[in-house]
C-alpha cells in the first residue's frame, strides 16, 4: 500500500509518519505539498500533526483552504483512507470531513505526555486488527484538544458507532481524571459514518517502536495496510 503524508507550512510531525511507513513498516510513502492537487496514486493519506499555518485564526482553519485538501475530500468521498493526527484531526474537522470542533484544553495549558485510550470501535479500516476494549498507550501533544459537538450530533455519533477512541484509565475505565483536555465524553478520536476517515488527537506514529516506549500505535497502521471493505 502506498501512503501519502501531507505537508503544510508549520507541520512538524510529517517526518515521524514518513519514517514509520517507510523505515518501520517498509511501505512506499511520499510527501505531498499543500499546494499540490496530485495525490500521486496514494492509497492512504496521513494528515500529520504540527501547527499548520501557525494555527492562526483557529487550528486547521487556514489549512482547509489548501489545494491539496480539495483532492483529499474527493479521495475520501470515493472511499479512500484518510488518517488525521492531532493538527490533522483539527484540519479534518475544519474541512467538514468529520463533525465537531476543538476548543483549548480545559486548563488552558499545552499537554504533552503519554495517555491511555480505549478502542470502542473495531469496525473501521484503522482498527479492525484490534480487539474491542483494547487499551493503547500513546502520547499526546496539543493545546486545542478539547473536542466538542452539539448534544444531538453527539447522540448521532454514539448511535452510529463513530467514536473510535476514548481517553481512559490504564484498566480501560472512562474517568474524569483520565481525560487530559476536557474533551466531551472523553473522545480522543472519531471516524466518519463510512469508516474510511479517522481523526485522533493522540500520536500513534510516536508509539510504534520499542525505543519510543510503546508499540501500541502500530495496530492502527497495520489495520490500514490490511484494510478491506468494512460495513460501519
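Readers should treat all values here as calculations from the given coordinates under stated rules, not as data from a laboratory. Here the structure is a predicted model, which is why all the values come from computation and not from measurement. Cβ: placed from backbone, ideal geometry, glycine included. Neighbour counts: every protein chain shown.
Just checking, how many residues over the range 128-173 are outside any loop (DSSP other than H, G, I, E, B) and in contact with a strand residue (DSSP E or B) (Cβ under 8 Å, 6 or more places away or on another chain)?
18
Considering only the range 174-189, state which residues are part of a helix (DSSP H, G or I) and within 24 Å of residue 50 (Cα to Cα).
Across the range 174-189, the qualifying residues are 184, 186.
Six or more apart or on different chains, Cβ atoms under 6 Å: show the pairs whose first residue is in the range 109-121 and on the phi < 0 side of the Ramachandran plot and without any contact (Cβ under 8 Å) to a residue 60 or more places away in the chain and whose second is assigned to a loop (DSSP other than H, G, I, E, B) and surrounded by fewer than 22 Cβ atoms within 10 Å (Cβ to Cβ).
Matching pairs, first to second residue: 110/143; 118/172; 119/130; 119/134.
Residue 70: within 15 Å of the chain's Cα centre (by Cα), without any contact (Cβ under 8 Å) to a residue 40 or more places away in the chain and either on the phi > 0 side of the Ramachandran plot or in a helix (DSSP H, G or I) (or both), yes or no?
Considered against the rule, which asks whether it is within 15 Å of the chain's Cα centre (by Cα), without any contact (Cβ under 8 Å) to a residue 40 or more places away in the chain and either on the phi > 0 side of the Ramachandran plot or in a helix (DSSP H, G or I) (or both), residue 70 comes out as no.
Would you please name the residue that is surrounded by the fewest Cβ atoms within 10 Å (Cβ to Cβ), looking only at residues in the range 190-213 that are touching a helix residue (DSSP H, G or I) at 6+ places or on another chain (Cβ under 7 Å) and in a strand (DSSP E or B)? Even if it seems obvious, please write down each step before you answer.
The first filter runs over the range 190-213 and keeps only residues touching a helix residue (DSSP H, G or I) at 6+ places or on another chain (Cβ under 7 Å), leaving 190, 196-197, 199-201, 204-206, 208-209, 212.
Right, trim to in a strand (DSSP E or B) and you get 190, 197, 199-200, 209.
Details: 190: 23, 197: 29, 199: 29, 200: 26, 209: 16.
The selected residue is 209.
Residue by residue through the range 81-108, note down the ones that are surrounded by fewer than 19 Cβ atoms within 10 Å (Cβ to Cβ) and either more than 25 Å from residue 133 (Cα to Cα) or free of Cβ contacts under 8 Å to residues at least 60 places away in the same chain (or both).
96, 101, 103, 104, 106, 107, 108
Quick one: in the range 20-59, which of the residues that are without any contact (Cβ under 8 Å) to a residue 24 or more places away in the chain and in a helix (DSSP H, G or I) is nearest to the chain's Cα centre (by Cα)?
Per the stated criteria, the residue is 22.
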